[in-house]
Amino acid sequence: MANSYELPYDPSGLNWSASDKNVYTRNGGANQKYLEEKLASLSGGEDCVALGSGVAALSGLFFALLKTGDHVVFSSVTYIAVYRLFNELLNNKFNIETTIVDTSDAEKVRAALRPNTKLIHIETPGNPTTGISDIKGIAKIAHDAGALLSVDNTFASPYNQLPLELGADFSVESLTKYINGHGDAMGGAIIGRKEHLDIIRFQSQVNLGGAISPFNAWLIMRGAVTLPLRMKQHNGNALKAARYLEDIPAVRFVAYPGLESHPGHRTALLQMSPGFGGVLSFGLKADHDTHNRFVSNLKLITSAVSLGHDESLIVFLGEKDERQYLYPEEFHGGFFRFSVGIEDSEDIVGDLEQAFKETGLSI
């Protein structure tokens, strides 16, 4: 838990901003170093920087890579903080040009490129609609244009998808989610080539102060030990829940990449293995209040944000979501994002079934 380390006999020659020696925890520490080595290995990368949250990792990556006058192409369906970073903060404060694109169509990505495009950022599966983007195809488009590709891999985890092996330059993980897996620590990571990670570490960790706490690094390292076991259960439970929901008359739609009905299913089969993660979205043939009553009737599944926890979590996203204009049409009536946990699959399906009955919805 130390935030500083014993100095050598003569510390006057130390670089106080360096990260190669343990001096001060904002520069890096033992727990963080071990976690970074593990994450780089899991993701097939040269190096890794672990920061205080998933958003710290994303903003740290963008801050280190981009400058005034650069152009970014990014997914129309992304985590809300990414939407705000690109659509508002980086654009308004630093004059970084940005273009929102439906990256599930690679040709739209190609058409959005400009001579000053420096980065393409995609999220696949996308949050919260589970849209799928072709990592390999978009990596080629980016590199042919002299740009870099970053992939938010949080919904998939390194167990199900390896963006770096598919040609991406960066894989970004919210460690808060599947890699920690217990809902008790926050962290984020960028994995990629050392030449880029050295810049990110110096700027975003040391000088912007996005460092991860030693205890959170330890907790996430502990959680990562069971990642393969947990992901097998998440994958299986989510597929079973999605198939159950798809057969319910009261359900308006189900979006899960493991379903043959999902528009990105074929692409997901090519780049995700052995499974499709634990997050799905679905909507009811019902009004706003009925969606909320359905959630209130759940007993095992908890109404809460976040995902990738050991327990099942559900959140109702209503009709006033500021990004709704970017979502496929079936999402416009309000919908649930459902993070399926590692409980017994029969218990999860049973909880959904009894909630349908209590809410008076046909099954």
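Throughout, read-outs are computed from the coordinates displayed, never taken from laboratory work. Just so you know, these numbers come straight off a predicted model, no measurement behind them. When we count neighbours, we look across all protein chains shown, and the Cβ atoms used for this are built from the backbone with ideal geometry, even at glycine.
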Checklist entry - Which length gain, in nm to one decimal place, applies between SER303 and SER4 when the Cα-Cα distance is subtracted from 0.36 nm times their residue separation? => result 103.7 nm
Checklist outcome for this item: For segment 11-224, the charge dipole (Cβ of Lys, Arg +1; Cβ of Asp, Glu -1; about the Cα centre) points to a positive end, and the Cα of GLY209, LEU175, GLY60 closest to that extreme belongs to GLY209
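Over all directions, what mean area does the Cα convex hull of segment 155-305 project, stated in square nanometres?
11.3
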Checklist entry - Can you give me the Cα centroid spacing of segment 99-146 and segment 31-63 in angstrom? => result 22
Checklist entry - For a label point 7 angstrom out from the Cα of PHE215 toward its Cβ, which stretches of segment 174-195 have the backbone nitrogen within less than 16 Å? => result 183-187
Checklist entry - Dividing the convex hull volume of the Cα atoms of segment 21-80 by its residue count, what figure in Å³ per residue is obtained? => result 138
Next on the checklist: Quick check on segment 11-224: of the DSSP beta bridges with both residues there, what percent are antiparallel, nearest 5%?
Outcome noted: 40
Next on the checklist: If I take the Cα coordinates of the chain and project them onto the principal axes, what are the three extents in Å, biggest first?
Outcome noted: 74, 46, 34
Checklist entry - Relative to the present Cα-Cα distance, how much length would full extension add between ASP102 and SER273 at 0.36 nm per residue of separation? => result 59.2 nm
Next on the checklist: Using the Karplus curve 6.51 cos²θ - 1.76 cosθ + 1.60 with θ = phi - 60°, what ³J(HN,Hα) values do you get for each residue of segment 210-219, in whole Hz, with x for Gly and Pro?
Outcome noted: x, 5, 7, 6, x, 5, 5, 4, 5, 4
Item to check | Test item: Cα-centred dipole of segment 13-71, Lys/Arg +1 and Asp/Glu -1 on Cβ, debye | outcome: 200
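With a/c under 1.5 counting as rounded, go ahead and sort segment 227-359 into rounded, prolate or oblate using the C-alpha gyration tensor (a ≥ b ≥ c being the square roots of the eigenvalues; past the cut-off, prolate if a/b is larger than b/c, else oblate). Each step should come with its number before you reach the end.
Working: a/c = 1.63, a/b = 1.16, b/c = 1.40.
Oblate shape, in that a/c is at least 1.5 and b/c is the bigger or equal ratio.
Looking at the chain, which longest stretch skips every one of the chymotrypsin sites (Phe, Trp or Tyr not before Pro) that is in a DSSP loop with at most 10 other Cβ atoms within 10 Å, leaving the sites themselves out?
Counting only loop sites that pass the neighbour cut-off, the longest clear stretch is 17-363.
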Checklist entry - In whole Hz, what ³J(HN,Hα) sequence does segment 308-315 give by Karplus (6.51, -1.76, 1.60; θ = phi - 60°), x for Gly and Pro? => result x, 7, 5, 9, 6, 10, 9, 9
Checklist outcome for this item: DSSP beta bridges in the chain: the antiparallel percent, rounded to 5, is 55
Item to check | Net charge dipole size for segment 11-224 [Lys, Arg +1 and Asp, Glu -1 on Cβ; Debye, nearest 20] | outcome: 400
Item to check | Zone residues, segment 274-303, relative to SER362, backbone N less than 12 Å from point 7 Å out along Cα-to-Cβ | outcome: 285
Next on the checklist: Helix-only mean residue ellipticity at 222 nm, the chain, DSSP H runs n ≥ 4 weighted -39,500 (n - 2.57), per residue, nearest 500. What is it?
Outcome noted: -10000 deg cm²/dmol
Checklist entry - What distance in nm separates the simple spin-label points at GLU260 and ASN15, each placed 7 Å from Cα in the Cβ direction? => result 5.8
Checklist entry - Along segment 248-254, what does the Karplus equation 6.51 cos²θ - 1.76 cosθ + 1.60 (θ = phi - 60°) give for ³J(HN,Hα), rounded to whole Hz, x for Gly and Pro? => result 8, x, 7, 8, 6, 7, 10
